[in-house]
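Notes to accompany the following structure.
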Amino acid sequence: MSSLVDRVASLGRVGLDVVAAIGRSGIFLFQALAGRSRYGNGFSLLLKQLYAVGVLSLAIIIVSGIFIGMVLALQGYNILKDYGSEQAVGQMVALTLLRELGPVVTALLFAGRAGSALTAEIGLMKATEQLSSLEMIGVDPLKYVIAPRLWAGFISMPLLSLIFCVVGIWGGAMVAVDWLGVYSGSYWSNMQNSVLFGADVLNGLIKAVVFAVVVTWIAVFQGYDCEPTSEGISRATTRTVVYASLAILGLDFILTALMF
Amino acid sequence: MPESSDFIVDLQQVTFSRGERIIFNNVDIRIPRGKITGIMGPSGCGKTTLLRLIGAQLRPDSGAILVNGEDIPRLGREELFAARQHMGMLFQSGALFTDLNVFENVAFPLRVHTKLPEDMIRDIVLLKLQAVGLRGANQLMPDELSGGMKRRVALARAIALDPELMMYDEPFVGQDPISMGVLVRLIRLLNDALGLTSIVVSHDLAETASIADYLYVVGDGQVLGHGKPDELMNSDNPRIRQFMQGEPDGPVPFHFPATDYVDDLLQKERKR
């Protein structure tokens with residue numbers, strides 16, 4: 001009997017911990033983003049983070065985008081040609097990328113490449129007392145360290161997602177048109193006729209923005225909230241990638257159900 | 001009876017606990033203005049926690065912490081960050097910003113809190129680095145410095161804004177005798193030359209007693225005693241005497257609380 005009570009109690013404790021963490025992360029986000037940075041050089045801090053978070057993620061996004069576009073074209077062609085509709089491969093590649101794979105794969109890659117780096121960097125700053133020493137200098141680390149990183153993630157991830165889609169469509173064209181011999185006119189014009197700006201491009205972009213907020217929020221919060229030891233940082237980095245990936249896939253389902 | 005303005009920091013009935021463990025239980029500590037006050041006690045007794053309470057990085061469960069008459073834990077976020085500009089803290093690790101060189105580390109507080117022209121910032125930074133003897137190292141990165149040098153650069157950064165109150169967290173830990181001597185001299189020199197008030201948290205008895213004007217000995221969540229260093233050296237209190245004389249056993253036991261030694265050994269035998 002007592003073991004049952006213990007189990008219920010420990011379940012309750014876990015539940016309370018989760019609710020407390022969600023509350024903490026909400027206050028954290030609000031305090032970081034509310035108000036303006038008072039430290040003068042806010043724009044240069046943002047630029048530095050845009051480079052670290054966005055520009056340095058370009059290589060992995062471009063390479064993955066090309067390969068995914070190529071694979072999509074190849075698979076699409078093989079299926080569509082059985083129905084004699086291989087001319088629609090351009091439309092299929094573009095819609096798949098814009099609606100689903102562009103935002104989702106970019107967000108997953110972003111969580112692995114930039115999210116983990118953000119968590120580890122902030123966690124290490126905490127462990128080496130750099131965040132405490134900022135506080136004692138009279139500088140709010142939420143404004144000075146966290147806010148530029150959050151904004152950099154919010155801005156760069158949707159742009160990376162667009163770049164991913166563009167190079168994916170180009171990779172698809174390389175395989176379908178140049179290699180498999182689909183007529184280039186139908187590849188591009190079918191795409192142009194079927195892809196709608198509002199329903200497809202804009203909805204894809206909205207997904208990318210939602211994922212950007214969630215991934216960056218999880219990454220910086222895990223770094224800021226981690227236990228300041230080497231083990232704690234390693235656990236926080238793992239949590240960032242796991243939580244962010246699950247959140248992306250779960251939210252993608254909800255957004256798709258609402259949008260399409 | 002001394003005036004309350006004679007004390008820059010005044011802890012009144014402060015209680016602080018971490019989970020179940022009570023770190024401070026109704027503690028009263030007053031730090032006299034313009035002096036060097038040593039806070040001493042065995043490792044893990046909450047000395048560093050005390051500095052974090054004064055800097056409001058931690059909040060007490062109850063009690064008041066007055067710094068210059070302001071109850072620090074009750075300040076709003078903005079006011080708190082403003083109040084901290086009058087405090088400097090030297091962290092045990094130095095806590096230099098690893099992406100900035102020595103010059104930029106010291107210039108950092110000036111850049112974020114003042115609108116001074118660049119040439120004036122340069123003069124102030126060189127002045128502070130000269131005070132800690134590291135003007136020649138101003139272009140080095142933190143990872144090119146030894147532990148002692150890091151601490152001196154961090155000290156230069158902490159005094160960049162000319163704080164009223166300097167707090168030193170275990171400044172002598174892990175220092176070779178020369179660096180230790182340099183730091184001891186610097187703390188005294190800076191305190192007197194800049195008219196600061198200094199709090200030195202340490203368990204290095206000889207060094208702290210040699211520079212401190214006043215000492216507090218804490219342990220078991222209480223202030224065990226306070227007074228001038230020579231008064232404490234001759235204290236009748238066995239706990240203070242044990243700490244000041246460095247005796248391994250006494251009121252603070254050598255052994256961590258455990259079950260009976262013989263029982264423990266026999267239990268193992270029986271299990272085999």
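Considering every residue in B:89-102, what mean count of other chain Cβ atoms within 10 Å of its Cβ is obtained? Present the calculation step by step, with values, prior to reporting the outcome.
Details: counts 6, 2, 6, 1, 6, 4, 10, 4, 6, 4, 4, 0, 0, 0.
The shielding value for this peptide is 4.
What shape does the range A:214-255 take by its C-alpha gyration tensor, where a ≥ b ≥ c are the square roots of the eigenvalues and a/c under 1.5 counts as rounded, a/b above b/c as prolate, and the rest as oblate?
Working: a/c = 4.86, a/b = 2.50, b/c = 1.95.
Here the range A:214-255 falls in the prolate category.
Would you calculate a helix-derived [θ] at 222 nm for chain A, using -39,500 (n - 2.57) for each DSSP H run of n ≥ 4 and dividing by the full residue count, to the nearest 500?
Values: 11 runs with 191 residues, N = 260.
About -24500 deg cm²/dmol.
Amide H to amide H, which residues 5 or more places from B:ILE39 or on other chains are under 5 Å from it, using H placed in the peptide plane?
Sorted by chain and number, the residues that satisfy this are B:VAL200, B:VAL201, B:SER202, B:TYR216.
Which value in deg cm²/dmol, rounded to the nearest 500, describes the helix-derived mean residue ellipticity at 222 nm for chain B, given -39,500 (n - 2.57) per DSSP H run of n ≥ 4 and division by the residue count? Working shown, then result.
Numbers: 10 runs with 103 residues, N = 272.
Estimated from H runs of four or more residues: -11000 deg cm²/dmol.
Cross-link list A:LYS126/B:LYS228; B:LYS115/B:LYS228; B:LYS35/B:LYS150; A:LYS48/A:LYS126; A:LYS48/B:LYS47: which exceed 31 angstrom alpha carbon to alpha carbon?
With Cα atoms farther than 31 Å apart: A:LYS126/B:LYS228; B:LYS115/B:LYS228; A:LYS48/B:LYS47.
Let me know the mean shielding of B:111-120 by other chains, meaning the per-residue number of their Cβ atoms within 10 Å of its Cβ. The partial results should precede the final answer.
Values: counts 3, 9, 6, 0, 1, 0, 0, 0, 0, 0.
Across the residues of B:111-120, the mean count of other-chain Cβ atoms within 10 Å is 2.
Using a Gaussian network model of chain B whose springs link C-alpha atoms within less than 10 Å, name the residue from B:ASP123, B:ASP204, B:ASP162 with the highest mean-square fluctuation.
Looking only at B:ASP123, B:ASP204, B:ASP162, the biggest GNM fluctuation is shown by B:ASP123.
Just to confirm my numbers, what's the Cα centroid distance between the range A:47-82 and the range B:179-226 in Å?
A separation of 60 Å, based on Cα centres.
Using a 10 angstrom cutoff on alpha carbons, build the Gaussian network for chain B and name the most mobile of B:VAL184, B:VAL112, B:VAL218.
B:VAL112
Cut-off 15 Å, label point 7 angstrom out along Cα-to-Cβ of B:LEU100: give me the residues of the range B:126-169 whose amide nitrogen falls inside.
Within reach of a label on B:LEU100: B:126, B:128-129, B:138-143, B:153-162.
Would you mind finding the longest exposed-site-free stretch of chain B, with exposed GluC sites (Glu not before Pro) meaning DSSP loop and at most 15 other Cβ atoms within 10 Å? Don't skip to the answer; put the middle values down first.
Working: sites that count: B:GLU3, B:GLU20.
My reading of the result: B:21-272 is the longest stretch.
Take every Cα-Cα distance within the protein assembly as shown, group them into 10 Å bins from 0 onward, and report for each bin the whole-number percent of pairs it holds.
3, 15, 21, 20, 16, 11, 8, 4, 2, 0, 0
So in chain B, what percent of DSSP beta bridges are antiparallel if you round to the nearest 5?
Working: 20 of 38 bridges.
If I count the DSSP bridges inside chain B, around 55 percent turn out antiparallel.
Order the peptides A:2-9, B:196-203 from the highest to the lowest mean number of other Cβ atoms within 10 Å of their residues. Spell out each step's value before the answer.
Working: A:2-9: 8.8, B:196-203: 23.2.
Going from most to least packed, we get B:196-203, A:2-9.
Can you list the aspartates and glutamates whose alpha carbon is less than 16 Å from that of B:LYS128, not counting same-chain residues fewer than 8 positions off?
Of all the aspartates and glutamates, those that pass the test against B:LYS128 - Cα under 16 Å, at least 8 places apart if same chain - are B:GLU104, B:GLU118, B:ASP119, B:ASP162, B:GLU164, B:ASP192.
Taking chain A as the region of interest, what is the percent of Cα-Cα pairs per 5 angstrom bin, listed from the shortest bin to the one with the maximum distance?
1, 6, 11, 14, 15, 13, 11, 8, 7, 6, 4, 2, 1, 0, 0
Looking at the protein assembly as shown only, what percent of DSSP beta bridges run antiparallel? Nearest 5 please.
Details: 20 of 38 bridges.
Of the beta bridges lying entirely in the protein assembly as shown, close to 55 percent run antiparallel.
Running a GNM on chain A with Cα contacts under 10 Å, which residue among A:VAL71, A:VAL241, A:VAL89 ends up with the highest mean-square fluctuation?
Its mean-square fluctuation being the largest, the pick is A:VAL71.
Readers should treat all values here as calculations from the given coordinates under stated rules, not as data from a laboratory. Remember, predicted model here, so these are calculated numbers, not experimental data. Here the Cβ is made from the backbone with ideal geometry for all residues, glycine too, and neighbour counts use every protein chain on show.
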